[in-house]
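Here is the structure we will look at.
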Amino acid sequence: MQGHRDSILAAAAAARDATARTLSDIVKIPSPSGGEEKVCRLIEALCLEARFDEVRIDGLGSVIARVGRGPRTIAIDAHIDTVGVGDPSRWQDDPFSGLVRDGLVHGRGCADQKGGAAAMIAAGRILKCIGYDGEFSISFTFTVLEEDCDGLCWRYLIEKEGLVPEFAVSTEPTSCRLYRGHRGRMEMRAVVRGVSAHGSAPERGESAAYKASRAALAMERLNGTLASDEFLGKGTVVVSKMDVRGPSQCAVPDQGEIYLDRRLTWGETAEAALAQAREAMGADAQSIAMPWYEGRGWNGASYGQELYFPTWKIPADHPLVKAGRATHDLLFGREPEMGKWTFSTNCVAICGRHGIPCIGFGPGDEDKAHAPNEHTRIDDLVASSAFYAMLPIVLGKDA
Ligand SMILES: [Zn+2]
């Protein structure tokens with residue numbers, strides 16, 4: 001174990017510049033959700049060059065690169081799509097510069113989360129260099145469409161491709177802390193119906209605007225009553241969008257819609273959250289349901305699901321968490337800081353829906369995600385690459 005540790009740390013340090021360059025190259029290629037082909041082709045080429053044991057592209061367009069032939073399986077995941085750049089005037093440099101400066105790599109996706117992808121490629125290279133032949137087959141998954149619908153790519157992998165690992169690691173940014181959960185989420189759409197009448201005689205009609213307003217205020221009250229969890233925090237509900245309309249601006253509106261963003265804490269399910277909202281809105285809402293999302297991969301494949309992303313967490317004393325802590329201690333001489341994400345990740349499908357234990361460990365900071373001037377520390381990339389290479393060895397207790 002100690003021998004592996006020393007060679008992994010040495011290899012990760014020696015690859016420092018190459019790993020930063022890999023991230024820079026990946027960041028230079030824009031990859032909006034559904035438009036990831038070019039970045040997938042580059043990652044495929046980099047994994048082949050690093051002599052991964054198998055590199056393939058799945059039916060939805062994600063790159064699956066395996067190292068090792070062991071009977072047990074672990075997946076290490078990075079989504080490689082990014083959100084847009086927002087207001088370009090907020091960026092000091094071109095968002096796709098991939099600039100390497102002052103120990104940082106700059107550009108859209110550096111933190112969320114191409115840094116994880118670059119560290120994974122480095123980890124695979126390290127494992128091949130040390131001739132890893134242990135208990136695990138390690139699937140490095142570079143997944144698509146996450147920013148539009150987190151977990152959809154992993155539902156596809158599990159349900160359509162039959163990739164069902166024993167453990168999974170998400171490499172979304174944790175500032176190199178060890179994470180073991182986050183709240184789930186769902187979207188809801190309530191339909192409101194009124195009766196239109198001439199604006200000069202509102203008493204003849206039934207206003208969809210007033211119904212929608214009452215329903216929205218009911219959500220404000222509901223938010224105050226939602227359950228809480230010691231580790232994950234409180235469930236929340238937010239009215240994220242409202243729309244009312246009628247036959248004219250001189251009429252009582254007869255149609256309305258309310259969109260809800262619901263964050264789900266431990267024990268809260270979609271069914272229960274729908275029932276709560278339905279009860280709180282009462283007769284003001286005609287119906288309330290989860291919208292459907294239909295994703296289209298860059299290869300033309302389509303796959304859909306309702307907008308529901310189940311909550312997940314695993315216990316602090318779970319064997320995967322213990323192995324993560326031991327790996328950190330072994331490599332860096334101290335226990336990792338523990339925590340959870342505020343945002344949502346692919347673990348909603350891997351752990352929330354399918355019960356496969358997940359942990360999070362990734363380069364970069366969560367608060368840089370979706371923000372201008374996004375960047376990631378090269379030190380984090382090096383540490384993460386060593387962590388991903390060491391973890392399967394610790395889990396397998398391969399000497
Ligand atoms: Zn992300």
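Quick check on the chain: helices-only [θ] at 222 nm, where DSSP H runs of length 4 and up contribute -39,500 (n - 2.57) each and the sum goes over total residues. Nearest 500, please.
That comes out to -9500 deg cm²/dmol.
Write out the GluC sites (Glu not before Pro) in the stretch 173-258 meeting two conditions: DSSP loop, and at most 11 other Cβ atoms within 10 Å of their Cβ.
Qualifying residues, ordered by number: E230.
In debye, nearest 20: dipole of the stretch 271-389 around its Cα centre with unit charges on the Cβ of K, R (+) and D, E (-)?
280 debye
Heavy atoms of the protein only, probe of 1.4 Å, neighbouring chains included. What is the accessible area of L217 in Å², nearest 10?
Estimated to the nearest 10 Å², L217 gives 90 Å².
What does the highest-first list of 132-143, 327-338 look like by mean Cβ count within 10 Å?
Ranking the peptides 132-143, 327-338 by packing returns 132-143, 327-338.
Per-residue HN-Hα couplings for the stretch 309-322, Karplus 6.51 cos²θ - 1.76 cosθ + 1.60 at θ = phi - 60°, whole Hz, x for Gly and Pro?
9, x, 4, 8, 7, 10, x, 4, 9, 5, x, 5, 5, 4
Probe radius 1.4 Å, ligands and nucleic acids left out: which of C129, C110, C176 has the largest accessible area, and how do the rest follow?
Reading off the accessible areas and sorting them downward yields C129, C176, C110.
Over the stretch 84-217, what lengths in whole Å, largest first, do the semi-axes of the equivalent ellipsoid take, defined as the square roots of 5 times the eigenvalues of the alpha-carbon gyration tensor?
Largest first, the stretch 84-217 gives 47, 24, 12 Å.
Roughly what angle does helix 115-129 make with the longest principal axis of the chain, taking Cα atoms, 0 to 90 degrees, to the nearest 10?
The two axes meet at around 30 degrees.
Under 12 Å Cα to Cα from K313, which aspartates and glutamates show up? Leave out anything in the same chain fewer than 8 places away.
Within the straight-line cut-off, K313 pairs with D229, E230.
Starting at the first residue of the stretch 76-81, write each ³J(HN,Hα) from the Karplus equation 6.51 cos²θ - 1.76 cosθ + 1.60 with θ = phi - 60°, in whole Hz, x for Gly and Pro.
Rounded to whole hertz, the list is 10, 10, 9, 7, 10, 8.
Could you pull the accessible area for S213 with a 1.4 Å probe, rounded to 10 Å²?
Rounded to the nearest 10, that gives 50 Å².
Charges only on Cβ, +1 for Lys and Arg, -1 for Asp and Glu: so what's the dipole of the chain about the Cα centre, in debye to the nearest 20?
220 debye
Averaged per residue, what accessible area in Å² does the stretch 44-99 show with a 1.4 Å probe, protein chains only?
Value returned for the stretch 44-99: 43 Å² of accessible area per residue.
Between the stretch 325-399 and the stretch 28-84, how far is it from one alpha carbon centroid to the other, in angstrom?
18 Å
Whenever you get a sec, compute what percent of the accessible area on the stretch 195-354 sits on carbon and sulfur atoms (1.4 Å probe).
On the stretch 195-354, the fraction of accessible area on carbon and sulfur atoms equals 51 percent.
In the stretch 64-173, which trypsin sites (Lys or Arg not before Pro) fall in coil by DSSP and have 15 or fewer other Cβ atoms within 10 Å?
Within the stretch 64-173, the qualifying trypsin sites (Lys or Arg not before Pro) (loop, at most 15 other Cβ atoms within 10 Å) are R69.
By per-residue mean of other Cβ atoms within 10 Å, what is the highest-first order of 27-33, 358-364?
Taking the mean over residues of other Cβ atoms within 10 Å, the ranking is 358-364, 27-33.
What are the extents of the Cα atoms of the chain along their three principal axes, listed from largest to smallest and rounded to whole Å?
In descending order, the Cα extents are 83, 43, 37 Å.
Which value, in debye to the nearest 20, describes the size of the charge dipole of the stretch 165-206 about its Cα centre when Lys and Arg Cβ atoms bear +1, Asp and Glu Cβ atoms bear -1, and nothing else is charged?
The calculation lands at about 120 debye.
How large is the accessible surface per residue of the stretch 278-399, computed with a 1.4 Å probe and reported in Å² as a whole number?
38 Å²
Too long at a 25 Å Cα-Cα cut-off: which of K114/K234; K28/K322; K28/K368?
K114/K234; K28/K322
The values are calculated or read from the model by the stated rules, or taken from the named source; none is laboratory data. Please read all numbers here as calculations on a predicted model, not as lab measurements. Backbone-built Cβ (ideal geometry, glycine too); neighbour counts: all protein chains shown. Accessible surface is based on the protein model in full, side chains and every heavy atom, while ligands, DNA and RNA are left aside. Shrake-Rupley method; radii C 1.70, N 1.55, O 1.52, S 1.80 Å.
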